[in-house]
1. Report the equivalent ellipsoid semi-axes for the stretch 128-172 in whole Å, largest first, defined as the square roots of five times the eigenvalues of the gyration tensor built from alpha carbon atoms.
2. Taking N as the number of residues in the stretch 151-221, what is its Cα Rg relative to 2.2 N^0.38 Å?
3. Sequence gap at least 6, Cα distance under 8 Å: using those rules, report the relative contact order of the chain to the nearest whole percent.
4. If you line up the long axis of helix 48-58 against the longest principal axis of the chain, both from Cα atoms, how many degrees apart are they, to the nearest 10?
5. Out of Asp37, Asp69, Asp135, any idea which swings most in a Gaussian network model of the chain, alpha carbons joined below 10 Å?
6. Please report, in Å, the Rg and the Dmax of the stretch 20-72, where both are computed over Cα atoms only.
7. Have a look at Val77, Pro98, Gly14 and report the one farthest towards the positive end of the charge dipole of the stretch 1-100, computed about the Cα centre with Cβ charges (Lys/Arg +1, Asp/Glu -1).
8. Anyone know which of Val125, Val71, Val167 comes out most mobile in the 10 Å Cα GNM of the chain?
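Every number here is computed from the coordinates shown, using simple stated rules; none is lab data. Keep in mind that this is a model prediction, so the values were computed, not measured. Heads up, the Cβs are rebuilt from the backbone with ideal geometry, glycines too, and the neighbour counts pull from every protein chain shown.
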Amino acid sequence: MHQAIVRTMSSLDGQVAFVTGAGSGLGASFARRLAADGAHVVVNDRDEAAAGKTATAIGGEVAAFDVTDSVAMDAAVDRVAMHHGRLDIMINNAGIAPPHNEARTAINIDNQMKRMVGDIDNLTVTNDTVELSDDEFDRMIKVHLYGTFYGTRAALRHMTPARRGTVVNVSSVLAVRPMPGALHYAAAKAGIIALTKSVGQEVAAFGVRVNVVCPGWIDTPLLAPLAPEIRAGIVMQVPAGRLGRPEELAELVRFLAGPESSYCNGDVFTASGGFV
Ligand SMILES: NC(=O)c1ccc[n+]([C@@H]2O[C@H](COP(=O)([O-])OP(=O)(O)OC[C@H]3O[C@@H](n4cnc5c(N)ncnc54)[C@H](O)[C@@H]3O)[C@@H](O)[C@H]2O)c1
């Protein structure tokens, strides 16, 4: 009789992980997944109460600050590495979505209907790019691209000398398949891919690995502001026929955080239900 071969992921006992934006959605799921395998998780969020909730649930600790503050990032990561004597895993996940605009949604749906019947001459101009302010563009790049840079840099200061550590950066499928109206989000997320590839090549020979995940459409509070019609339209474009669950992405992040992904460095991983 054949015995079933059951392989489980290695233990993360004794390892220290730092997850940004872990008060909600994907980040909270990543924190839970790493803790489930034994890691001590430092839960960052700009929302201290949300970070506290995640940390309490997994026996982790809170580091509440805005990832666009490089001084706060350096101080928090240094404090964790000093206190625990190590930093093994850094997940740069904190992010924001472009604010929902009802009027624009109505125009987009109306345009979509007109396209379906070939009424191209009567489409309404949307002006997404023209109306995007300096501040909106700035904030999007700051949170995603600067936040990821600050987190990666702060972590490498401890990982490279130790010749040990993994960094997972969170991009998006919209980096590789952008959509109209979110050019700043797409640009920031595409920047994260380039940053990750470059840093991965830099540190590959020194025991540190840096990879990037591109989630598809995942059911988190980030998507809550979407109108039901837009949500339905998105699901229609996903071959899997549904949104992803945070826990499904957490398995990928857990793989990249641990030794199972030992040959992955500067690599890009999409999980999109076939959307890309
Ligand atoms: N949900 C999706 O469909 C999807 C798809 C692709 C990529 N992503 C990316 O995944 C990441 C997590 O998104 P989510 O869906 O879990 O969203 P979410 O809104 O549920 O969680 C994001 C968390 O990040 C925190 N945050 C935001 N800005 C911050 C800052 N400047 N400093 C510290 N914390 C901050 C928020 O307070 C929140 O708790 C984001 O980078 C997002 O762009 C999400």
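1. Sorted largest first and rounded, they come to 31, 10, 4 Å.
2. 1.25
3. Averaging sequence separation for qualifying contacts and normalising by length gives 19 percent for the chain.
4. Taking Cα atoms only, the helix is inclined about 50 degrees.
5. Checking each option, the largest mean-square fluctuation is seen for Asp135.
6. 10.1, 31
7. Positive-end residue among those listed: Gly14.
8. Fluctuation is largest for Val125.
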